[in-house]
1. Treat each spin label as a single point 7 Å out from the Cα along the C-beta direction, and report the B:Lys7 to B:Leu213 distance in nm.
2. Got a number for carbon plus sulfur as a percent of region A:1-152's accessible area, 1.4 Å probe?
3. Can you give the angle from 0 to 90° between the axis of helix A:61-73 and the longest principal axis of chain A, with both taken from C-alpha atoms, to the nearest 10?
4. Rounded to whole Hz and in sequence order, give me ³J(HN,Hα) for region A:83-100 from the Karplus expression 6.51 cos²θ - 1.76 cosθ + 1.60, θ = phi - 60°, writing x for Gly and Pro.
5. For chain A, with every protein chain kept in place, what is the accessible area per residue (1.4 Å probe, Å²)?
6. Rolling a 1.4 angstrom probe over the protein chains, ignoring ligands and nucleic acids, what is the accessible area of B:Trp5 in square angstrom, nearest 10?
7. Using the Cβ atoms and a cut-off under 11 Å, what net charge is assigned to the surroundings of A:Val110, where Lys and Arg are +1 and Asp and Glu are -1?
8. Please list 3J(HN,Hα) in residue order for region A:299-309, calculated via the Karplus relation 6.51 cos²θ - 1.76 cosθ + 1.60 where θ = phi - 60°; whole Hz, with x for glycine and proline.
Amino acid sequence: MVRIIGFLIGLGFVGVLLISLIVNAVDAIQNPPVHTAEEEFHLEPRSAGFSWQKPWGQFDEAQLQRGFQVYKEVCAACHSLKFVSFYELEGLGYNEAEIKAIANQWAIEVPSVNPDTGENSTRKALLSDRFPSPYANETAARAANNNALPPDLSLIVEARDDGADYIYSLLTGYRNAATYRNEAGEPVPQENRPGTGLHFNPYFANLNIAMPPPIVSNGQVTYADGTNATVDQMAKDVSAFLRWTSEPNLERRHAAGWAVMIFLLVGTVLAYLAYRNIWANAKREVSIRGPLEPAFQQRMQDQKDERGIAG
Amino acid sequence: MSFAWAKPYEPKNNFMKWLDERLPVPRLVYGAVGGGYPVPRNLNYFWNFGVLAGLALLIQIITGIVLGMHYYSYAGGAFESVERIMRDVNAGWVLRYVHQNGASFFFAIVYIHIFRGLYYGSYKAPREMVWMLGIVIYLLMMATAFMGYVLPWGQMSYWGAQVITGFFSAIPIVGEPLRVFLLGGYAPDQAALTRFFSLHYLLPFIISAVVILKIWALHIPGSSNPTGVDVKDEKDTLPFHPFYTAKDGFGIGVALILFSIFVFFLPYSLGHPDNYVEANPLVTPAHIVPEWYFWPFYAILRAFTVDFILPAKLWGVLAMFASILLLFFLTWLDRSPVRSTSYRPAYKIFFWVLVLDVMVLGYAGQAHITPFTLALSQVAAAYYFAHFLIILPLVSKFEKPLPLPTSISHSVLHGEKEESAPFGLTRTGPAAAPAAAE
């Protein structure tokens, strides 16, 4: 009975699937899928060869500090960093006094309440504060940005495929739609060129991004450590910094990972030896060597018998 | 327990004797995973996966309880609380990565465990109940994993909840009211998040209870083995402890190494970037995909595209549930008396086609829908149902199995002339010196 019912159910599902298959195949032949301009012009991110991308990789502290400087002087005008606290900047190699100074001098103040009047006010940031947002709320952010919302950057690297490589490619990927040619040498179709307030960027999913090119000229930021601030360098540094903000514990994770690996490898080798030892004679004929070897015992017994020793 | 020669528990000291007389927990443990449970001596490494699944459940429960201390199930703050765990809670990032990747670890183990059961006929008499309880655990795991994935309240959490609870709306008449009742609203929101958290905390303990039932049911006939031949006498078995505890110790070591590679070096590789964007009911992600362990079922769901008598969506939902529920009936679908597929030359081919088929379904389940991936999922889903409901009953009827070994010990010894005595009974070997002294 179960088999008959099962057989009928099976035939039903297989039948409907085959009907679906045929209908779709006919449809696909009659209306072959067309390639959209997004598919023709979208580019995969370029690899920037970042230091942490290997299992033993660590951040480059100087690069993180430079990236932070780019964030502070360029990105922070529009993008919040709402999950990152000032105290976490320790991870960039700053000492407490330096972080206190950074928090104290941060251009945007933290929303607060006036202790005398109870009215809303702002105060200077403390170590324990998260980075204050440049806009009071989403409406204010959209109003200031042509109805586009600048995303929070704390997790932007984890929230995008290819992470920091994508950010780096995007920041350096702005092109002029009128003169741009893809690999096949085709110009961008008129309907895919940017409208008002949009900017052509082949690394962005639909090719037109609301963010104006943020890093436009060499020397836009004057690096404290004297590194030559080319557009490429700044894009790389800020991508590295954003990788750090998305996971400040990356270095600790890698370091802990190696310790765990070594511990587990030693433990597993010991467990394997214990296993082999316990199973030594469980799956095969036991052959005894040494004094307990039956042949040896027999020989000893024979010798004793010859000499007439009892037992 | 299972066999006449299973050793009864003998307390080693006065305290254990005292305890055993009042609350025989030591006796229970000894009989379940100690020297009192005789296990076939020819098990291969695939028999490690039951214990590994138990380990994975334990890891999930322990890390989950601690994460639950820091998480708050508030729609406006759940996402932030997860970030707090990652940044501000001591070792919070380890807990979260272990829990997050632990779900994948658990499913990977359970899939190998299920396919081992399919290959070696673990669903056949007298172990039907063990198999069916296993499917119950698997269903509970799927529910738990789905609700757990909603908790971080990222984009994929939200839209996954939207899609999965949408299954219920495919049911005629009662579907939509049922969906609203289950979600506590028209779309996932605070009510849904709170109940998902509550149930996500509850279900693992129900899983644990079913695991206990499963082990109980298993210990009546005892473990199956790679030949599928029944245990005939004492020399076919070894006590679980120390033999299989030692083997499991090694298995656990290897599994934890592989797991740690994911936790510490590739923690994002199994997740989706969209879940690092906070849930936003107004923005639909470009490409909604479930976690990898649901891909095959998602492919079956999407494979039905034609309204044939029933709406396509209902076909998809029915087929998706049927694809798991049919596993309950395997015992009756497969009438071959031979358990191990190693001795079933015709079925063996279909078994490996099924393994490949499920992988193809997995690929189709995560791919963007194109005419090609759609056709792939339709062919693969058709084979999935044909395999269990049509091919398996027929093959088992017409197939001529290979000769089985006469006994387990015979198959282990590969024709060597002398059998080594079972553990504890040798009188000659150095390993058996304590026994010889008795």
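1. 3.3
2. Ligands and nucleic acids excluded, carbon and sulfur give 57 percent.
3. Value to nearest ten degrees: 30.
4. Karplus values, whole Hz, x for Gly and Pro: 9, 9, 9, 4, 4, 5, 4, 3, x, 8, x, 7, 8, 4, 4, 5, 5, 4.
5. Values: 17310 Å² over 311 residues.
Here the per-residue accessible area is 56 Å².
6. 70
7. Charge balance near A:Val110 sits at +1.
8. With the stated coefficients, region A:299-309 comes to 4, 4, 5, 4, 4, 4, 4, 4, 7, x, 7 Hz.
The values are calculated or read from the model by the stated rules, or taken from the named source; none is laboratory data. Predicted model, so just to flag it, every value in this text is computed and none were measured. When we count neighbours, we look across all protein chains shown, and the Cβ atoms used for this are built from the backbone with ideal geometry, even at glycine. SASA here: full protein model, heavy atoms, side chains in, ligands and nucleic acids out. Shrake-Rupley method; radii C 1.70, N 1.55, O 1.52, S 1.80 Å.
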